[in-house]
Amino acid sequence: MINITNNTNDSIFIFLKRNEDLYQIGFIEEKKSILKDLNRGEMIEFKLSSKIGDVIYPTKTFQMKMIGNDSFINIGSIIS
């Protein structure tokens, strides 16, 4: 299990990247965390979010990370 913590003031979309395809596997609101069952060697992509009315949608990709031996990802340290 991987603990992904969002220490930013923005909501973040999480995608699993396989080949050239993206699969949304999570959404983390600001200052929250999520547990995901991911395997070592898988690539995840983090996207910022925007909102129009009640609809929240992914925008700019700001980081991609390959899952390694770590069981904790701190998104606040990735953006900085």
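Some observations on this one:
- Every condition in (1) touching a strand residue (DSSP E or B) at 6+ places or on another chain (Cβ under 7 Å); (2) crowded, with 17+ Cβ neighbours inside 10 Å holds for SER33 except the one numbered (2).
- The residues listed here are ILE44, ILE56, ILE34; of these, the one that is over 12 Å from the mean Cα position of the chain (by Cα), in a strand (DSSP E or B) and in contact (Cβ under 8 Å) with a residue 24 or more places away in the chain is ILE56.
- Checking SER50, SER80 one by one, the residue that is exposed (fewer than 15 other Cβ atoms within 10 Å of the Cβ) and at pLDDT below 90 is SER80 and no other.
A quick yes/no check of all residues on (1) buried (at least 17 other Cβ atoms within 10 Å of the Cβ); (2) under 13 Å from MET64 (Cα atoms):
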position: MET1; (1), (2): no, no
position: THR8; (1), (2): yes, no
position: SER11; (1), (2): yes, no
position: PHE15; (1), (2): yes, yes
position: PHE27; (1), (2): no, no
position: ARG40; (1), (2): no, no
position: ILE44; (1), (2): yes, yes
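- Any hit, segment 66-77, residues being buried (at least 16 other Cβ atoms within 10 Å of the Cβ) and at pLDDT 95 or above: no
- Restricting ILE25, ILE4 to those that are part of a strand (DSSP E or B), of a type outside the set (Lys, Arg) and touching a residue at least 40 places away in the same chain (Cβ under 8 Å) reduces the list to ILE4.
The values are calculated or read from the model by the stated rules, or taken from the named source; none is laboratory data. Quick caveat: nothing in here was measured; it's all calculated off a predicted structure. Every residue, glycine among them, receives a Cβ derived from its backbone with ideal geometry; neighbour counts consider all protein chains shown.
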